């Protein structure tokens, strides 16, 4: 697993093999990650990455958030309540020398509560598949004021997710068993 673009391109991230089912770690492949970033950068909705505050939920290895940093994001908050995931995150943040522009939160991504700071313009949502956790997390983010008005959400699931009221789908692509849905605020 490597960073596929930007100023950290080629950086090898800590390997988790084929994933860790017990820890619900299922890293996004380099190919899928590259496709996601191509959709973000070249989409008709405008590139949301430069200068963005990024929220990486169910962060796992942190590859999505670190890829965003590599491509110009300003800051990334990684959220994962798994012990193994946070250890991988810290290792990868150190490899990327990104300690000063990242936060690692040991929190339940479906229950972040009220946001007390600035909103986030790019949200990565990669929950364990088919458990309804993405829907719960998105409802909580909207209720808690975590998204900026122009926020873009990148949601990975195995089946089409049910976006909550207030978000509209702007793109959707399937890559093997991964369905990537891009959403943004309605209006």
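Sorted fewest first by neighbouring Cβ atoms within 10 angstrom, 154, 83 come out as 83, 154.
In whole angstrom, how far apart do the alpha carbon centroids of segment 115-158 and segment 26-51 sit? Using only Cα atoms to place each centre, the spacing works out to 16 Å. Would you please classify the overall shape of segment 87-139 from the alpha carbon gyration tensor, given that a ≥ b ≥ c denote the square roots of the eigenvalues, rounded means a/c under 1.5, and beyond that prolate means a/b larger than b/c while oblate covers the rest? The shape class here is oblate.
Every number in this text was worked out from the coordinates using simple rules, so none of it is lab data. Just so we're clear, the structure is a prediction, and the values are computed from it rather than from any experiment. In this analysis, Cβ positions are derived from the backbone assuming ideal geometry, glycine residues included, and neighbour counts consider all displayed protein chains.
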